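What follows is a single structure, written as structure tokens, with notes after it.
The values are calculated or read from the model by the stated rules, or taken from the named source; none is laboratory data. The model shown is predicted, which means the values in this text are computed figures rather than measured ones. Glycine also receives a Cβ, built like all others from the backbone with ideal geometry; neighbour counts cover every protein chain displayed.
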Amino acid sequence: MDRLLKDNLETLVGRKHNYYLDMWERYEKSESFKGWNCSALFFGFIWVAYRKMYELAAKLFGLQILLAVVGVMPRILAALGLPLPWYLAYPVIASTSIVIFGINIYCGFFGNKLYEEKTKRLLEEINDMKIEDKWKLNDLLEEKGGVGVEIVILCVIACGLVLFINVI
């Protein structure tokens, strides 16, 4: 494991740094081990946003919104007086649910690896800045790393709105 990563992991990742260090070292040794992250499985894009991988979280959220719209289309068409036959409506609803669940499975399987890549990329960027002052470096690591609790709150609100719209 890269010395720069080990030296700054606690500041960059936060209190779960030992868990991630263990996962990443096991991956490095086996080259096939991806790890498993139950939090990423159950919370999907919300976990991704919590770990400050905002671009990926936005893509996953957008995909889930698109799938939710497609999944609710049979109900919208029925409300407009254009109902789909059951043999078309149910597969649409079921397949969108399966794909949304598949997104969470993807996060569970590859979340640790995605987070490792993000963390290493961030450390390389910070290392390229050649910051000599240890306090400035520590502040930057804390700012760029850690977890994004505020974004999780926004994600939960957004999910609630999507669920509310889907129920109406």
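Restricting attention to segment 23-71, which residues are among the charged types (D, E, K, R), part of a helix (DSSP H, G or I) and under 20 Å from Leu9 (Cα atoms)?
Those that are among the charged types (D, E, K, R), part of a helix (DSSP H, G or I) and under 20 Å from Leu9 (Cα atoms): Glu25, Arg26, Glu28, Lys29.
Quick check on segment 78-99. Is at least one of its residues hydrophobic (A, V, I, L, M, F, W, C), closer than 20 Å to Val48 by Cβ and under 13 Å from the mean Cα position of the chain (by Cα)?
no
Out of Tyr87, Tyr20, I need the residue that is free of Cβ contacts under 8 Å to residues at least 24 places away in the same chain and either assigned to a helix (DSSP H, G or I) or among the charged types (D, E, K, R) (or both). Which one?
Tyr87
Confirm whether Tyr115 is without any contact (Cβ under 8 Å) to a residue 60 or more places away in the chain and either part of a loop (DSSP other than H, G, I, E, B) or not polar (S, T, N, Q) (or both). First the steps, then the outcome.
Values: without any contact (Cβ under 8 Å) to a residue 60 or more places away in the chain: no; either part of a loop (DSSP other than H, G, I, E, B) or not polar (S, T, N, Q) (or both): yes.
No: the conditions fail for Tyr115.
Any residue in segment 133-152 that's in contact (Cβ under 8 Å) with a residue 24 or more places away in the chain: show its pairings with residues that are of a type in the set (D, E, K, R) at Cβ separation under 8 Å, as long as the two are six or more apart or on different chains.
Lys144/Lys52; Gly145/Lys52; Gly146/Lys52; Val147/Arg51; Val147/Lys52; Gly148/Arg51; Gly148/Lys52; Ile151/Lys52
Could you list, in sequence order, the residues of segment 74-84 that are surrounded by 14 or more Cβ atoms within 10 Å (Cβ to Cβ), at pLDDT below 85 and in a helix (DSSP H, G or I)?
Arg75
Going residue by residue through segment 53-72, is there one that turns out to be under 27 Å from Asp139 (Cβ atoms), surrounded by 12 or more Cβ atoms within 10 Å (Cβ to Cβ), in contact (Cβ under 8 Å) with a residue 40 or more places away in the chain and not hydrophobic (A, V, I, L, M, F, W, C)?
Yes, segment 53-72 contains at least one residue that is under 27 Å from Asp139 (Cβ atoms), surrounded by 12 or more Cβ atoms within 10 Å (Cβ to Cβ), in contact (Cβ under 8 Å) with a residue 40 or more places away in the chain and not hydrophobic (A, V, I, L, M, F, W, C).
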